[in-house]
Structures are given as C-alpha cells and as structure tokens.
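Take a look at the structure below.
The values are calculated or read from the model by the stated rules, or taken from the named source; none is laboratory data. Worth saying up front: this structure is predicted, and the values here are computed from it rather than measured. Neighbour counts are summed over all protein chains in view; Cβ atoms, including those assigned to glycine, are modelled from backbone coordinates with ideal geometry.
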Amino acid sequence: MTLEDAAAIGVLTGPPWRVVGRRAVSAGPHNIAAGPDGRYIAVTSPPAGMVTIVRTADLQVAARIRVAGYPHDVAFAADGRTLWVTAERAGRLVALSVPDGRQLTTVEAGRRPHDLALSPDGAQLWVTLYGARRVQVRAASDGALLAQPEVGGASHDVAFSPDGREVWLSNVASSQLTVVAASSRKVLARMTAGTEPHHFAIGTDALWASDNGEGTLLRIDRAGRRVIADTRVGAAPHHPALAGE
C-alpha cells in the first residue's frame with residue numbers, strides 16, 4: 001500500500017494483518033501496481049514527478065524514474081516487462097522497461113490521461129481521460145490508439161470484469177457508474193451507486209467501489225447491476241483491493 005504522508009510504501013502480511021516492512025519512495029506516493037508474476041511493484045509519486053520500481057522479495061529499489069507531467073497511474077503489461085504510466089498534466093502515456101525503468105516509448109494522449117486498465121487477455125489498455133466523455137482504447141504492445149469511444153459521463157476509474165467482456169467506469173463528481181461492452185465498446189448500462197464512487201476492485205461475482213462522498217465501501221451485484229451492501233469505513237475512502245478469492 002502507499003503511505004502518502006510518509007513518502008513510503010508499506011507491506012502487510014496476515015491474517016492477522018500487520019505491517020511487516022516499509023520502503024521509502026519519492027514524496028506523495030499515490031497509485032501502486034504489482035507485476036503479473038509478483039516480482040516487482042511500481043509506485044507513482046505525482047507531486048515529485050517520479051515512478052519507483054521495487055523488488056518485492058527484499059523491498060530494494062530497482063529503479064527510480066523521473067516522469068515529467070504528474071505521473072498518476074501505472075499498469076504492468078501481461079509479460080511483466082513493460083510498465084505503462086499516465087503522465088496526466090503532460091497529456092501523454094509513457095512505457096518503461098522493467099526492472100531498469102528505461103523509457104521505451106511515449107504516446108501523446110491529449111487531455112489528462114488518468115487511470116489505466118489492462119484487458120484480461122493482455123491485448124488492450126483502456127485509459128480514462130479525466131472528466132471527459134470519451135475513453136481511449138490502446139494496444140498494450142505499443143500504445144497505438146485503436147478506438148476512442150464516447151461513453152458519456154466524466155470518466156474517472158476503469159476496470160475489466162474477470163471474463164473481459166465488460167468495462168466498468170466511474171465518473172467525476174457523480175453517483176453514476178457506466179458499463180461498456182469491451183468488444184463493441186457500446187454502453188450497456190448506467191446505474192447509480194452511492195453518492196460519489198471513485199475506484200473499483202472486481203471479484204468473480206461482485207464489484208466493490210469506494211464511495212468517497214459517503215465514506216462507505218459499496219458491494220455491487222455485477223449481473224444485476226445493483227448495490228447489495230454498503231459498509232462504513234471512514235472519511236474519503238480511495239482505492240480498494242481484493243486479496244485471494
């Protein structure tokens with residue numbers, strides 16, 4: 001997990017869950033992602049303009065990479081050897097090699113690329129443009145733009161269903177979630193969930209969303225597209241994650 005005020009990441013083990021390690025990173029760590037084989041994690045520090053790649057085995061830093069333009073989100077490619085980064089204020093995507101952090105390519109994205117999601121088959125990278133009605137669908141291999149479908153709303157977070165058939169989107173300052181067909185890129189449904197759902201964690205039968213406005217964690221029936229439970233967790237919840245099944 002990222003510890004924004006401590007400029008560090010923390011490692012937990014359990015249950016019972018407890019912090020077993022820390023590693024200092026650049027100031028303001030925000031988003032974090034693990035590679036598909038679990039050997040490396042990557043952390044963005046937007047205010048510092050840095051991305052840090054860390055070995056999970058010993059928490060040693062493999063690379064610190066300066067990425068200009070407020071690096072916000074990160075996603076590993078399916079092979080674990082490429083890391084995609086959104087440089088939000090620069091309006092571009094950057095691909096870095098893992099673990100050395102060498103820049104492989106940079107792709108102009110236009111307005112504020114924010115969050116990323118890799119399709120389960122590893123072929124596509126979906127990118128939200130913060131607050132825009134369109135999202136970008138790109139080739140995960142080289143970042144080439146494949147499509148830019150209009151999905152309405154003001155896109156924020158993005159996540160794939162486990163079978164890769166659906167893409168779920170949250171929207172800025174909105175209670176609305178949008179469900180899009182991954183193949184046709186057409187809007188399948190819109191639903192209301194809480195007051196301001198921000199970020200997702202998707203399980204086999206349910207979707208969890210942090211409701212920043214209400215301080216709750218929402219459990220959503222993906223098939224029925226309805227909220228089935230909410231749990232108060234405290235002010236301004238942000239990124240949820242699922243452990244195990």
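Out of LEU129, LEU96, one residue alone is touching a Ser or Thr at 6+ places or on another chain (Cβ under 8 Å), farther than 30 Å from THR192 by Cα and hydrophobic (A, V, I, L, M, F, W, C). It is LEU96.
Listed by first and then second residue, the pairs linking a residue in region 34-49 that is in contact (Cβ under 8 Å) with a residue 60 or more places away in the chain to a residue that is part of a strand (DSSP E or B), with Cβ atoms under 6 Å apart and 6 or more places separating them unless they lie on different chains, are GLY35/PHE76. Take the conditions assigned to a strand (DSSP E or B) and under 16 Å from THR178 (Cα atoms) and apply them to VAL107. Does it pass? For VAL107, the condition - assigned to a strand (DSSP E or B) and under 16 Å from THR178 (Cα atoms) - is not met. Reported count of residues in region 62-78, each being part of a loop (DSSP other than H, G, I, E, B) and among the aromatic types (Phe, Trp, Tyr), is 1. Please go through region 177-189 and pick out each residue that is of a type outside the set (A, V, I, L, M) and buried (at least 16 other Cβ atoms within 10 Å of the Cβ). The answer is THR178, ARG185.
May I ask you to verify whether TYR40 is surrounded by 18 or more Cβ atoms within 10 Å (Cβ to Cβ), in contact with a helix residue (DSSP H, G or I) (Cβ under 9 Å, 6 or more places away or on another chain) and over 22 Å from PRO237 (Cβ atoms)?
Judged against the criteria, TYR40 is not a match.
Consider LEU59 carefully, then state whether it is of a type in the set (A, V, I, L, M) and either within 21 Å of SER141 (Cα to Cα) or in a strand (DSSP E or B) (or both). Considered against the rule, which asks whether it is of a type in the set (A, V, I, L, M) and either within 21 Å of SER141 (Cα to Cα) or in a strand (DSSP E or B) (or both), LEU59 comes out as no. Across region 65-79, the qualifying residues are those that are over 16 Å from the mean Cα position of the chain (by Cα) and not basic (Lys, Arg), and the one among them that is modelled with the lowest pLDDT is ASP79. Please go through region 124-152 and pick out each residue that is in a loop (DSSP other than H, G, I, E, B), within 15 Å of ALA95 (Cα to Cα) and hydrophobic (A, V, I, L, M, F, W, C). The answer is ALA140, ALA144.
Any residue at all in region 95-104 that's small (Gly, Ala, Ser), in a loop (DSSP other than H, G, I, E, B) and in contact (Cβ under 8 Å) with a residue 24 or more places away in the chain?
Within region 95-104, the subset small (Gly, Ala, Ser) is 95, 97, 101.
Those still in the list that are in a loop (DSSP other than H, G, I, E, B) too: 101.
Remaining after also requiring in contact (Cβ under 8 Å) with a residue 24 or more places away in the chain: 101.
There is at least one residue in region 95-104 that is small (Gly, Ala, Ser), in a loop (DSSP other than H, G, I, E, B) and in contact (Cβ under 8 Å) with a residue 24 or more places away in the chain.
Answer yes or no: is there a residue in region 154-164 that is at pLDDT below 90 and not in a strand (DSSP E or B). There is no residue in region 154-164 that is at pLDDT below 90 and not in a strand (DSSP E or B). Taking (1) out of contact with any strand residue (DSSP E or B) (no Cβ under 6 Å at 6 or more places or on another chain); (2) of a type outside the set (Gly, Ala, Ser); (3) crowded, with 21+ Cβ neighbours inside 10 Å in turn, PRO71 satisfies each apart from (1).
Taking the criterion of being under 25 Å from ALA241 (Cα atoms) and loosely packed, with under 15 Cβ neighbours inside 10 Å, the residues of region 124-163 that qualify are PRO162, ASP163.
Checked against (1) closer than 24 Å to HIS72 by Cα; (2) out of contact with any strand residue (DSSP E or B) (no Cβ under 7 Å at 6 or more places or on another chain), ASP163 meets all criteria but (1).
Residues in region 15-37 that are closer than 10 Å to THR2 by Cα and either aromatic (Phe, Trp, Tyr) or buried (at least 21 other Cβ atoms within 10 Å of the Cβ) (or both): VAL25, PRO29, ASN31.
Scanning region 213-245 for residues that are part of a loop (DSSP other than H, G, I, E, B) and either assigned by TED's automatic domain parsing to the domain that holds GLY38 or among the acidic types (Asp, Glu) (or both) yields GLU214, GLU245.
Summed over region 170-215, the residues that are of a type in the set (A, V, I, L, M) and without any contact (Cβ under 8 Å) to a residue 12 or more places away in the chain give a count of 0.
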